[in-house]
Structure formats: C-alpha cells, structure tokens
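The next block holds one structure in the form of structure tokens; read it before the comments.
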Amino acid sequence: MPKADAQPELTQLVQEFHLLFSQPNLADSVKKDAAASVRKEPRKAAIYLAALKIERERYTDANSTVMQNIIDVLVDAEIYPKTTPTMQKHGYSHLTMVESWGVDWHTWKAEVLNCPHCNADLRDLENGPPFMRSIGVEIRGLYDGVAYNQCPDCKGNWSRKGTPLSKDQAQNISRDEIFTI
Ligand SMILES: [Zn+2]
C-alpha cells in the first residue's frame, strides 16, 4: 500500500495546508482564524506540527514560506512560546529552532527529566527547551555518540534508556550495553 494511503486524512490536510499556507502574502486573518481554532481545540496542533514536520523533512526543497506561516499559527495559538532564552541570546528565529532541533523543539523530551539519583530537575531552564542540563558522556573508541548520561549536580549516571548506573557500571559499559541496559 502506498504510504500516502496510510493517513489519508492527514495527507489531505497537509495538502490543503500547503496550498493555503504557501501564499506569500497570506492574509493575517487566515492565520488568526487558524490559531483561534487550535486554541479552541488544542489537539489540532498535532496536525499543524505534522504538516510542519513533512515540510521540514524536504530539507533543501522545504518551502520556508509554508513553514513560517504554520509557525506563525503555532506561536499565535501559544503552542510554540513567543521566545526562549536561547532564541534571545543567539538571535534564533522560530524557523531556525524548527530547522535545527525539529518541530518538537519546544518540549523537553529526554527519557529522563529528573536525575534518578538526586531527583534534580534536568531541564535547562536557563536556555529553555529543548535543552537539557544532563551531560552526554562519550567514550572515545567505544562508540561515536553518547554512551551514558551524567547528572551535573550529583555526578550520578544513567543509561540512554534511563536505567541508573553505578560509577563502575558507567565506566565499564560495553558497546552492547549502551543500547540494552
Ligand atoms: Zn543527580
């Protein structure tokens, strides 16, 4: 079965959105009405986020007008925050946040939001979402990526899946264990 048939409703909505939101001088009232409808029915935000994701995944072929118009709706509907500390600090636009960190950039979506050892809040509130305070520890020669995570406060460790690890377990983690424990 072609992929397009898997979510006919969504595919059709995305196509409709594309047509509507690709107008370069889209009337503000169209966006305002869309935002009002998302505010009334927050579950609709998922459709806008899905449409934005599809457009983003076209990468170099992505239509930035479509993306910006959908972003404007999500900001107006208060799904996306107006700004975050990182956006202010670096002058990043919403479009930059979406392009760099994905359409869910506005949420903290790590496996572990509180340290499993000391319960510290690991969300990076100083920089805003999606940034975490937890430290991704890499072990050179073992795996080209994060082997396990560490709490910046108590130095406690946990696996990528969120299992607490003793200092010894973390230091001696095997390549297999990175993904299995
Ligand atoms: Zn901790």
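Its Cα centre serving as origin, the stretch 61-114 has a Cβ charge dipole (Lys and Arg +1, Asp and Glu -1) of approximately 220 debye. Computed from point charges on the beta carbon alone (+1 for Lys and Arg, -1 for Asp and Glu), the dipole magnitude for the stretch 3-101 about its Cα centre is near 300 Debye.
Amide H contacts for residue 123 (H built 1.01 Å from N in the peptide plane; partners 5 or more residues away or on another chain; cut-off under 5 Å): 133. Phi angles of the stretch 11-21 translate, via the Karplus equation with coefficients 6.51, -1.76, 1.60 and θ = phi - 60°, into HN-Hα couplings of 4, 5, 4, 4, 5, 5, 4, 4, 4, 5, 7 Hz per residue; Gly and Pro are given as x.
Would you mind giving the average projected area, over all directions, of the Cα convex hull of the stretch 107-181 in nm² with one decimal? Before the final figure, lay out each step's value.
Working: hull surface 19.1 nm².
Averaging across all directions leaves 4.8 nm² for the Cα convex hull.
For residue 138, the residues whose modelled amide H falls within less than 5 Å of its own, excluding neighbours fewer than 5 places apart on the same chain, are 147. Check cross-link reach from residue 40 to the lysines: straight Cα distance under 29 Å, and skip same-chain residues fewer than eight apart. List returned: 31, 32, 53, 82, 109. Counting only DSSP H runs of at least 4 residues, each contributing -39500 (n - 2.57), and dividing by the residue count of the chain, the helix-based mean residue ellipticity at 222 nm comes to -12000 deg cm²/dmol.
Only Cα pairs under 8 Å and at least 6 apart count here; give the relative contact order of the stretch 86-169 as a rounded whole percent. List each step's numbers first, then the result.
On the way: 117 pairs, mean separation 16.5, N = 84.
It comes to 20 percent, rounded to a whole number.
Compactness of the stretch 3-101 is given as radius of gyration and Dmax, 13.4, 43 Å, from Cα positions. By the count of other C-beta atoms within 10 Å, a proxy for reagent exposure, 112, 30 are ordered fewest to most as 30, 112. Contact order, relative form, for the chain: 12 percent (alpha carbon pairs under 8 Å, 6 or more residues apart, mean separation divided by residue count). More than 14 angstrom separation, counting every C-alpha pair in the stretch 90-138; what % is that? For the stretch 90-138, the share of Cα pairs beyond 14 Å comes to 56 percent. Placing +1 on each Lys and Arg Cβ and -1 on each Asp and Glu Cβ, with no other charges, gives the stretch 107-181 a dipole about its Cα centre of roughly 40 debye.
Under the √(5λ) rule applied to the eigenvalues of the Cα gyration tensor, what semi-axes describe the equivalent ellipsoid of the chain? Give them in Å, descending. The partial results should precede the final answer.
Working: eigenvalues 284, 75, 42 Å².
They are 38, 19, 15 Å, listed from largest to smallest.
Converting phi to 3J(HN,Hα) with the Karplus coefficients 6.51, -1.76 and 1.60 and the offset θ = phi - 60°, the stretch 162-172 yields x, 7, x, 10, 6, 4, 5, 4, 5, 5, 9 Hz in sequence order, with x at every glycine or proline.
All of the numbers you see were taken from the coordinates with simple rules; none came from a lab. Fair warning: this is a prediction, and the values are worked out from it, not measured in the lab. Quick reminder, even Gly has a Cβ in these numbers, built from the backbone with ideal geometry, and neighbours come from all protein chains shown.
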